[in-house]
Amino acid sequence: MISLEGIVKEFPDKRLFDNTSLTVKPGMRVGLVGPNGSGKTTLLRIMMGDETVESGNVLVDKGTVIGYLPQDIIPGSTRTILEEVMQAYPEVARLEEEIHRTTTSLSDQPDDQHLMNKLSRLQQEYERLEGWSLEDRAARILAGLGFTADQFHRPLEVFSGGWRMRVVLAGILLLEPDMLFLDEPTNHLDLDATIWLEAFLAGWNGGLVMISHDRQFLNQSVSHIVEIDQSQLMLYTGNYDQFTARKQLRVEQQTAAYRNQQRKIAATERFIERFRYKNTKATQVQSRVKQLEKMELVAEPTQTVHKFKLTIPDPGRAPLKVAQLVAVDKQYPKVQVYQQLNLTIERGQKIGLVGRNGAGKSTLLKILAGETSITSGSLKFGDQVKRAYFAQHQLEILDPEKTVFDTIQEAAGDWSISQVRGYLGGFLFPGDTVDKLVKVLSGGEKSRLALARMLVEPAHLLLLDEPTNHLDMLSRDVIERVLTDYQGTLVCISHDRHFLNTVTNHTIDIKDGGITVYPGNYEYYHWKVNRQETEKVATVDRTDTAKQRREADRKLRRRLENELKKRQRQTAELETEIAAQVAIIEDERNASDYQVIQAAINEQKRLENTYLEYLERIETIRQSLGDR
């Protein structure tokens, strides 16, 4: 168990934690959430004992083993990745060397009883540590994280930063600590590895404290959410979606309490000011002054909903065929990435590229962006099609000595000051934050600014490589809304399934130098692939192939038909519920009751969002049933 009691943590420019407490019990699976810079990584370091606090107590049960995966890129070494992972158990490596030396000595002195006893003791200790299975376990974990068997014996230094991070993660998972601390573990993982890690954590029996901005990963992996809000730690039971619902209710209640108290304070101050100099009211005035002094103030709740209506410049109508690749080959000195690739990208398509790391996703994006050339074939763009390309290295293009405001203004041309400020406000740079120099921004803020800078100039084709990496939840919401409303064409790489499901309407699976196009978002792609796998399994028995396929189809159709009926019933119920909320809003008796009206508006919005999701699912099911 880890307990924080009344901790205070300050930096020169900010107080991160102000007399706040938290207890993480054995087996709890906690997701830490909060804006960039709120102190999530610092909190992890405090719990590990790597960061001190100004006051308060940090209590960790004796003997608790913590495994920690930091955000930082790991330096290389000449050890193989398998050896690197097994460094999680240095005692096993030492025993192996000792056993080898003792066995060698016994071959020269076979009758030495002392050596035989020593070898027996070493082997018992080796077995106690499960040394015989350690390498197999390490290999299984490495394979799950995307490494192939022929890579196990390559030195760590030949791998990129993201792959090195996986090796470190493998060592931590091999250790099986009591508490697992993960700081943005999916930042360096592709979708396959992220899904594998979800499954691994589902079977994890120890405690877990994790920072992640991946909604779906949090929903699948945690049982509690700790939000850092106004220098306090707020614990919620449930996954991220359940947290957002409870958080919204808490904010509404706090908002109502805050406004009621502010009205009471204002009324009290008016009374004091009015009767301050009347002797007959002196007692009442003093009584009210004391009331104000003793009053425990309700903090104004932070705004969790982005209120700016953000629009980006319209690039105008593009040709129907935005880009076309015909018989494209792409080859590096020792690697054939694409062979005879054919792809047409049409106006209005928003494409998510998926596939394992190294499959060629970034290469395809770079080909479209003109960052790398093709080996053979042709690449053509529609007449006057403008492109814009975003990748993490784009952050380096930002001038560190310029302010946030100047960075946008120089690209915006004839925009007024208020237009620039409004645009930046939409990207979560309100008020005086526009005067910050780029060099003092966090990684997430720079990423947000680079995206904002790119979107100032209208483009028909956006090419985005991991646009939400290092962004917090609120920033991701902003980017998702911007790209959902964007009227042009988009091709993107992302390992955030919520982003892919929200923004894209086509998915391209890249594998073995070729592509498969799916006319839907990631959820549709995942369903389609699973359906294809199910059908493959159903054809294993060659003597009964047709019967099995028909049975599989009947089961799938029946399941889809049942789901269709359920969704239709739910939409009908939602229509009734939405109408009820509209009636509350329009009821003249409620006109002066802010709380009732606001609650009804919020509930109407929530119901309408769910209603639209169900309608989209109904359309997908109908199309699937029609295909069959």
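Mind counting the residues in segment 421-478 that are among the acidic types (Asp, Glu) and within 17 Å of Thr502 (Cα to Cα)?
Step one: list which residues in segment 421-478 are among the acidic types (Asp, Glu), which gives 432, 435, 445, 457, 465-466, 472, 477.
Next cut, within 17 Å of Thr502 (Cα to Cα) only: 465-466, 472, 477.
Final tally of qualifying residues: 4.
Within segment 117-126, can one find any residue that is acidic (Asp, Glu) and exposed (fewer than 14 other Cβ atoms within 10 Å of the Cβ)? Give the steps one after another, and end with the answer.
Our first condition is that a residue be acidic (Asp, Glu); within segment 117-126, this holds for 125.
Subset that is exposed (fewer than 14 other Cβ atoms within 10 Å of the Cβ): none.
The answer is no, given that none of the residues of segment 117-126 is acidic (Asp, Glu) and exposed (fewer than 14 other Cβ atoms within 10 Å of the Cβ).
Looking only at segment 155-193, how many residues end up being assigned to a helix (DSSP H, G or I) and of a type in the set (S, T, N, Q)? Can you show your working first?
Taking segment 155-193 as the starting set, the residues that turn out to be assigned to a helix (DSSP H, G or I) are 156-158, 161-175, 185-188, 191-193.
Then drop every residue that is not of a type in the set (S, T, N, Q), which leaves 186-187.
Qualifying residue count, segment 155-193: 2.
I'd like the residue in segment 191-216 that is under 23 Å from Met47 (Cα atoms) and polar (S, T, N, Q) and, out of all such residues, is surrounded by the fewest Cβ atoms within 10 Å (Cβ to Cβ).
Asn205
Give segment 314-368 a look and list any residue that's in contact with a Cys (Cβ under 9 Å, 6 or more places away or on another chain) and basic (Lys, Arg), or say none. Before the answer, list the steps.
Our first condition is that a residue be in contact with a Cys (Cβ under 9 Å, 6 or more places away or on another chain); within segment 314-368, this holds for 350-353, 365.
Residue satisfying the conditions is Lys350 alone.
Taking the options Gly488, Gly444, Gly431, name whichever one is crowded, with 20+ Cβ neighbours inside 10 Å, farther than 30 Å from Gly382 by Cα and among the small types (Gly, Ala, Ser).
None of the others qualify; the one that does is Gly444.
For segment 136-154, give me the residue count where each residue is surrounded by 12 or more Cβ atoms within 10 Å (Cβ to Cβ) and part of a loop (DSSP other than H, G, I, E, B).
Summing the residues that are surrounded by 12 or more Cβ atoms within 10 Å (Cβ to Cβ) and part of a loop (DSSP other than H, G, I, E, B) in segment 136-154 gives 5.
Within the set of pairs 6+ apart or on separate chains, which have a first residue in segment 586-610 that is within 15 Å of Glu252 (Cα to Cα), a second that is of a type in the set (Gly, Ala, Ser) and surrounded by 15 or more Cβ atoms within 10 Å (Cβ to Cβ), and C-beta atoms under 9 Å apart?
These pairs meet every condition: Tyr594/Ala256; Gln595/Ala256; Gln598/Ala256.
When the residues of segment 450-483 are narrowed to those that are in contact with a Pro (Cβ under 6 Å, 6 or more places away or on another chain), crowded, with 20+ Cβ neighbours inside 10 Å and not hydrophobic (A, V, I, L, M, F, W, C), which ends up nearest to Pro185 (Cα to Cα)?
So the residue we want is Asp472.
Could you list, in sequence order, all residues of segment 350-385 that are over 23 Å from Asn501 (Cβ atoms), surrounded by 15 or more Cβ atoms within 10 Å (Cβ to Cβ) and of a type in the set (Lys, Arg)?
Matches in segment 350-385: Lys366 only.
Among the residues of segment 246-281, how many are part of a helix (DSSP H, G or I) and more than 24 Å from Tyr236 (Cα to Cα)? Give the derivation first.
Filtering segment 246-281 down to residues part of a helix (DSSP H, G or I) leaves 246-275, 279-281.
Applying the additional criterion that residues be more than 24 Å from Tyr236 (Cα to Cα) yields 259-275, 279-281.
Qualifying residue count, segment 246-281: 20.
Quick check on Thr186: is it within 18 Å of the chain's Cα centre (by Cα) and at negative phi? If you could, list the steps in order and put the result at the bottom.
On the way: within 18 Å of the chain's Cα centre (by Cα): yes; at negative phi: yes.
Spelling it out, Thr186 is indeed within 18 Å of the chain's Cα centre (by Cα) and at negative phi.
Is it the case, given these coordinates, that Gln284 is outside any loop (DSSP other than H, G, I, E, B), free of Cβ contacts under 8 Å to residues at least 40 places away in the same chain and surrounded by 11 or more Cβ atoms within 10 Å (Cβ to Cβ)?
Numbers: outside any loop (DSSP other than H, G, I, E, B): yes; free of Cβ contacts under 8 Å to residues at least 40 places away in the same chain: yes; surrounded by 11 or more Cβ atoms within 10 Å (Cβ to Cβ): yes.
It is true that Gln284 is outside any loop (DSSP other than H, G, I, E, B), free of Cβ contacts under 8 Å to residues at least 40 places away in the same chain and surrounded by 11 or more Cβ atoms within 10 Å (Cβ to Cβ).
Which ones in segment 48-78 are surrounded by 11 or more Cβ atoms within 10 Å (Cβ to Cβ) and closer than 30 Å to Ser120 by Cβ?
Val65
Restricting attention to segment 391-413, and to residues there that are surrounded by 15 or more Cβ atoms within 10 Å (Cβ to Cβ) and modelled with pLDDT under 90, which single residue is farthest from Leu441 (Cα to Cα)?
Ala412
Restricting the search to segment 337-349, which residues are crowded, with 18+ Cβ neighbours inside 10 Å and within 18 Å of Lys386 (Cβ to Cβ)?
Ile345, Gln349
Output yes when any residue across segment 175-190 is farther than 27 Å from Arg45 by Cβ and at pLDDT below 85, and no when none is. Walk me through how you get there before you give the answer.
Quick first cut of segment 175-190, residues farther than 27 Å from Arg45 by Cβ only: 190.
Next cut, at pLDDT below 85 only: 190.
Checking segment 175-190: at least one residue is farther than 27 Å from Arg45 by Cβ and at pLDDT below 85.
Just for segment 37-46: of the residues that are buried (at least 21 other Cβ atoms within 10 Å of the Cβ) and not basic (Lys, Arg), which one is farthest from Thr64 (Cα to Cα)? Give the derivation first.
Step one: list which residues in segment 37-46 are buried (at least 21 other Cβ atoms within 10 Å of the Cβ), which gives 39-40, 43-44, 46.
Filter again for not basic (Lys, Arg), leaving 39, 43-44, 46.
On the way: Gly39: 23, Leu43: 17, Leu44: 15, Ile46: 15 Å.
Filtering segment 37-46 for residues that are buried (at least 21 other Cβ atoms within 10 Å of the Cβ) and not basic (Lys, Arg), the one farthest from Thr64 (Cα to Cα) comes out as Gly39.
Does segment 5-28 include one or more residues that are of a type in the set (S, T, N, Q), surrounded by 15 or more Cβ atoms within 10 Å (Cβ to Cβ) and either at pLDDT 90 or above or touching a helix residue (DSSP H, G or I) at 6+ places or on another chain (Cβ under 6 Å) (or both)? Walk me through it before giving the result.
Step one: of segment 5-28, the residues of a type in the set (S, T, N, Q) are 19-21, 23.
Still in the running and surrounded by 15 or more Cβ atoms within 10 Å (Cβ to Cβ): 20-21.
Remaining after also requiring either at pLDDT 90 or above or touching a helix residue (DSSP H, G or I) at 6+ places or on another chain (Cβ under 6 Å) (or both): 20-21.
Scanning segment 5-28, I find at least one residue that is of a type in the set (S, T, N, Q), surrounded by 15 or more Cβ atoms within 10 Å (Cβ to Cβ) and either at pLDDT 90 or above or touching a helix residue (DSSP H, G or I) at 6+ places or on another chain (Cβ under 6 Å) (or both), so the answer is yes.
Quickly run through segment 41-89 and pick out the residues that are touching a residue at least 40 places away in the same chain (Cβ under 8 Å), among the charged types (D, E, K, R) and within 24 Å of Arg166 (Cα to Cα).
Arg79, Glu84, listed by residue number.
Among the numbered criteria (1) acidic (Asp, Glu); (2) closer than 30 Å to Glu523 by Cα; (3) modelled with pLDDT of 85 or more, which one does Asp314 miss?
In the conditions (1) acidic (Asp, Glu); (2) closer than 30 Å to Glu523 by Cα; (3) modelled with pLDDT of 85 or more, Asp314 misses (3) alone.
Restricting attention to segment 401-409, does a residue exist that is of a type in the set (A, V, I, L, M) and in contact with a Phe, Trp or Tyr (Cβ under 7 Å, 6 or more places away or on another chain)? Walk me through it before giving the result.
Of the residues in segment 401-409, the ones of a type in the set (A, V, I, L, M) are 404, 408.
Filter again for in contact with a Phe, Trp or Tyr (Cβ under 7 Å, 6 or more places away or on another chain), leaving 404, 408.
Looking through segment 401-409, at least one residue is of a type in the set (A, V, I, L, M) and in contact with a Phe, Trp or Tyr (Cβ under 7 Å, 6 or more places away or on another chain).
Out of Ser120, Ser77, Ser133, which single residue is among the hydroxyl-bearing types (Ser, Thr, Tyr), part of a helix (DSSP H, G or I) and under 30 Å from Ile195 (Cβ atoms)? Explain how you work it out, then say what you get.
Details: Ser120 fails: under 30 Å from Ile195 (Cβ atoms); Ser77 fails: part of a helix (DSSP H, G or I).
Unique residue meeting the criteria: Ser133.
Is there any pair linking a residue in segment 442-453 that is closer than 9 Å to Phe427 by Cα to one that is among the small types (Gly, Ala, Ser), with Cβ under 7 Å and at least six apart or on different chains, and which?
The qualifying pairs are Arg448/Ser475.
Is it true that some residue in segment 464-479 is at pLDDT below 90 and of a type in the set (Gly, Ala, Ser)?
The answer is yes; a qualifying residue exists.
The values are calculated or read from the model by the stated rules, or taken from the named source; none is laboratory data. Because the structure is a prediction, the values reported are computed rather than measured. Backbone-built Cβ (ideal geometry, glycine too); neighbour counts: all protein chains shown.
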